[in-house]
Each structure stands twice: as structure tokens, then as C-alpha cells.
Amino acid sequence: MPAIIDRDPVLIAVSTGGTSPALARRVRAWIEAALPSRLGDLARALDSARPTVNHALAAAPVRRRFWDAILDGPIAARILRGDADGGNRVLEQLAAPDGGRTAGVVHIVGAGPGDPDLLTLKALRLLQQADVVIHDRLVGEAILSLARRDAARICVGKAKGAHSWSQAGINALLVHRARDGQRVVRLKGGDPNLFGRVGEEVAHLRDHGIEAEVVPGITAATAAASAAGFPLSHRGIASSVCYVTGHGADDGEPDVDWAAAARPGQTVAVYMGLSRIAAITERLLANGLDPATPAAIVESASLPTERRFLTSVAALPAVARAHRLTGPALVIVGEVVRLAAAVRPQTTAARCPSPPRAVGIVS
């Protein structure tokens, strides 16, 4: 009996001719992971519009180009996201003055902290469908290699004090590629919703009539805490998590409520703060944070080059200097970090590959 993938009315059967039912089940699981959950909704929407399209576009080659444009463009993307009026949107496109040609769509996708295994299934699927991948500097080759071989790759990465691409230039590039009818993936490290300028890019795209979708990713704070062996929240210790950025616009001072960040009973995760670690530490201490509060620095979280250090908030600048940390790194401050100290010596060797990652426990 074959293994069945059911996205009614779309059905896919996997069979090994009886040689290995277990393998057939595994192949089914792989295909299930690659297929959108609303694939059946897309099929029904296309079916409802099909008679009208066939009548309006008599020539088969013209019909094929129309359906390809629908499937590759924003209409299919909206149906797969749950647009219940998908069939009518297909007909609206048919009646458009451009003769059924659609603009492209931009998916702003979170690449996670760097480990390809931490990509979401949706991120992987969109990456494999993209015509062009416009990516940040911190997105590594292990993730970029998952894109189609013929997909164009454009690095628009920025480093502190070295912005080869302005935000305006990135915005213009996204619009240009989408208007060429391409499927664009704007690939950002971590989760684009956290300090990823996603709002600026979405607003620009929509102002220019381009469909935009944001696909969240695993943020670096989650990966860093998991790697170091402690949670971000814990009953009785930390009932909230405060995410702050270490630098503001044009690499200036960030607009952070340091008094709120220094409150007890919460965890503070500082992004892009390594170059300003001394000033950040000073702000937290000046607003009443206990100098002995546990803290962690996790450099290159989830990657083979990851390093992590447990210390106190007062010692953060000294630890960063002593180990010559250059980032990307997450700084996490709060009593939850203390939960890692008790288990680190027993668990580090078991978790780390060979050769082991460098680990420092600093008192």
C-alpha cells in the first residue's frame, strides 16, 4: 500500500513496490514538510476560475503563461496564507489591463541564528522557490546553498560603520526585482521582526503596490539561551523578557529605557551590543541593577564557531576584552542565567561536537 499525502483535492502517493514501507513513510514525511498546508485551497480556487479563464484565453500557450504567473505571484501566496476569496482574485487579475501578467512578490524571511536545521519549514520552501535571494551579511553559505542553483544571490549586508548598501537602495532593489515578476526572498538573520527594519521594507513595498509577506524566524536570543542551557523566562525568577538594541540610528546611542531594563524579575537580551558593552553595563548599573546579577555572552549562537561565557553584569566588559569577542554576539542579563551554571560542567561535553566548542565559565 502506498503512503498517501492528502491535500484534497491534491493527492500524492509514495510507493516502494513493497520493498520498504518504512522508507515510503519517511519519504511521505519529507514531502509533507515541503508542501503548503493549504495546497488544497489553492487547487479549489484555481478550479473555480478555470472555466472563465479558458473562455477568455483561447490559446493554450497564453493560458499556460497566465496560470504560471498566478502560481508564481502574490495571488497564490495570498491563497496559501488563507485568503478565502482566492478564486475571485484570479478573475480580477484576468480582467486587469496588463492581460494577466502579475508583479512579483517579496517574502521577507527570517533565516534564524545561522544553523540551517533551525530554519522554519516555510522559510526553506520559499528559499527553494525564489528567483532571487537578497540577503544580509550574517546569513551564511550553509543556508544560502539551500536556494535554487539558478537563483540570483545579492548580498546587501551591513556591518557597523560600513554600510555598502543604504536602506533606500535595498528598498529600491526589492521593488525593481518584484516588478520584473520575480519571486524575491529578502533573507534576514534571526527574526526580521526584531531589530530587522522589516517595517520600513514592508511599508515601502506596499506603497509601490508590491505584495509583501513576513515569515518569522528563530531569534538569536532564543538560540543563545538554548545553547547556554538556560531559559529566557522561569517561574518565580523571570516573568518577562526585555529585548533591547545596543546601538541606535546611524550607529548612535540607542533610545532605550534603561530604568525599565534594570528592573528585577525579568531577563534582558541585548542585540548588537558588543561594541558598546561598557556603556550598556554602565547604564544598567546606574539604574540600580545589582552588579552581581548573572550575565551571559554568546558569540555566533548555533554555529560551529559558537563561544559562550557566563559571568556577572559588572564583569561583562572585562570578559569581552579578555576573550577578544568580535561578534555577532548576544548579551543576556538576568537571574535565569544562574540556572545554567549548575548544569554546564556536566552537559557541555555531551552537547558539543568534536572538536568541542570553546566554553568559558567566568566567576
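What follows draws every value from the coordinates through simple rules; no lab data is involved. Bear in mind the structure is a predicted one, so any value in this text is a computation, not a measurement. Positions of Cβ are generated from backbone atoms using ideal geometry, with glycine treated the same way; all protein chains shown enter the neighbour counts.
If I take every Cα pair under 8 Å that is 6 or more residues apart in the chain, average their sequence separation and divide by the length, what percent do I get for the relative contact order?
13
Which of Val214, Val14 has the fewest other C-beta atoms within 10 Å, and how do the rest follow up to the most?
Fewest to most other Cβ atoms nearby, the residues stand as Val14, Val214.
Among Ile277, Ile5, Ile70, which comes first, then next, by fewest other beta-carbon atoms within 10 Å?
In order of increasing Cβ crowding within 10 Å: Ile5, Ile277, Ile70.
What number comes out for the charge environment of Ile31, summing +1 per Lys or Arg and -1 per Asp or Glu over other residues with Cβ under 13 Å away?
Working: positive: Arg7, Arg25, Arg26, Arg28, Arg125; negative: Asp6, Glu32.
That works out to +3.
Say we join alpha carbon atoms closer than 10 Å with springs in a Gaussian network model of the chain; which of Leu325, Leu126, Leu11 then has the biggest fluctuation?
Ranking Leu325, Leu126, Leu11 by mean-square fluctuation puts Leu11 first.
Counting only other residues whose beta carbon sits under 9 Å from that of Asp131, what net charge do I get with K and R as +1, D and E as -1?
0
Around Asp207, with a cut-off of 14 angstrom between Cβ atoms, what is the net charge of the other residues, counting Lys and Arg +1 and Asp and Glu -1?
Values: positive: Arg179, Arg206; negative: Glu200, Glu201, Glu211.
Net local charge, Asp207 excluded: -1.
With the chain treated as a Gaussian network of Cα nodes joined by springs under 10 Å, which of Glu213, Glu92, Glu335 yields the largest mean-square fluctuation?
With Cα springs under 10 Å in the chain, the top fluctuation among Glu213, Glu92, Glu335 is at Glu92.
Go ahead and set up a Gaussian network model of the chain, Cα springs under 10 Å, then flag whichever of Ala203, Ala152, Ala60 fluctuates most.
Sorting by GNM fluctuation, first place goes to Ala60.
Which order results if Asp68, Asp83, Asp117 are arranged by neighbouring Cβ count within 10 Å, fewest first?
Ascending number of Cβ neighbours within 10 Å: Asp117, Asp68, Asp83.
Do you know the relative contact order of the stretch 36-100, to the nearest whole percent, from alpha carbon pairs under 8 angstrom that are 6+ apart?
Reported relative contact order: 46 percent.
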